[in-house]
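The values are calculated or read from the model by the stated rules, or taken from the named source; none is laboratory data. Remember, predicted model here, so these are calculated numbers, not experimental data. Reconstructed Cβ throughout: ideal geometry from the backbone, glycine too, with neighbour counts over all protein chains shown.
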Amino acid sequence: MPNAYRFAALLLLTLGLTAGFAVADDARPPAFNLEVEAGPVWQTVNDVQIPNDSAGTRFSLVDLVGKGPQFAFRTYLTWHLNEKHSLRGLYAPLSFTEPGTPTGPVDFNGATFPAGEEVLATYKFNSYRLTYSYRWHNGEKWRWEVGFTAKIRDAKIQIQQGDVTSTKDDLGFVPLLHVAGHWRMSPRWHFLLDLDALAGGPGRAEDLALKLGYDLAPNWHLRAGYRTVEGGADVDAVYNFAWLHYAVMSVAVDF
């Protein structure tokens, strides 16, 4: 956790320094945007069963270790190829390890953890994404973009009790649809909607952010709002559905 705080602080400092140089050069349209977002995150649903059959016990990580909050951050880098097309990369790590005491025996991934004895539960859900977006509307007040996102999911759930540890890793690819909206409310104030989502088949995934922004300078923006991430999978090997809620602040710079 301290490393995550240090990393986020370093990125915020870098953004501030970069913004100072970017604002000084308003002559050329910015080709890139760098945004760092950080804040607390709570879990209201995190149900797990591994394997997803009679050999596994379905239990709630929320009931086991609590709702949080935990600290989370993410970093976006957007490359505006031209007025209509852009590419955006995302790095969004999320990981926590917390103690808890199961009220009943838990069969998890081939190991049994008896009730009434403290366990350490680890939940990791790191996300790496590359998004292509097309600006289909660019009005005086509203701007809308649509596209698609290639997501790499790096997930892990681990239970440890004494000398017994059981870990389930999951590294996979998820295709998502992308929609983004930008409302220019006034010369300095703006509102942002950003959504990556896909539903159907054995799972679903949604990542929605609603943020109010203020332009500190032509190339430097401060934003705050709410983000929710929900989804999971129901397959033979794994049942896991989580719903996360973030209170976020971010700083962004165009350069």
Test Leu17 against the criterion of being at pLDDT below 95, out of contact with any Phe, Trp or Tyr (no Cβ under 9 Å at 6 or more places or on another chain) and either aromatic (Phe, Trp, Tyr) or under 23 Å from Leu94 (Cα atoms) (or both), and give yes or no. no
Which condition from (1) more than 22 Å from Phe241 (Cβ to Cβ); (2) in contact with a Leu (Cβ under 7 Å, 6 or more places away or on another chain) is the one that Arg129 breaks? (1)
Test each condition in (1) in contact (Cβ under 8 Å) with a residue 40 or more places away in the chain; (2) under 20 Å from Arg227 (Cα atoms); (3) not polar (S, T, N, Q) for Phe148 and report the one that comes out false. (1)
Restricting the stretch 36-53 to residues that are touching a Phe, Trp or Tyr at 6+ places or on another chain (Cβ under 7 Å) and not in a strand (DSSP E or B), the residue that is surrounded by the fewest Cβ atoms within 10 Å (Cβ to Cβ): Asn52
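Hey, among the residues in the stretch 60-85 that are among the small types (Gly, Ala, Ser) and either surrounded by fewer than 19 Cβ atoms within 10 Å (Cβ to Cβ) or modelled with pLDDT under 95 (or both), which one's farthest from Val106 (Cα to Cα)?
First, the residues of the stretch 60-85 that are among the small types (Gly, Ala, Ser): 60, 66, 68, 72.
Going one step further and asking which of them are either surrounded by fewer than 19 Cβ atoms within 10 Å (Cβ to Cβ) or modelled with pLDDT under 95 (or both), we end up with 60, 66, 68.
Numbers: Ser60: 11, Gly66: 17, Gly68: 22 Å.
Looking at the filtered set, the residue picked out is Gly68.
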Residues satisfying the stated conditions in the stretch 199-244, i.e. surrounded by 20 or more Cβ atoms within 10 Å (Cβ to Cβ) and in contact with a His (Cβ under 7 Å, 6 or more places away or on another chain): Gly213
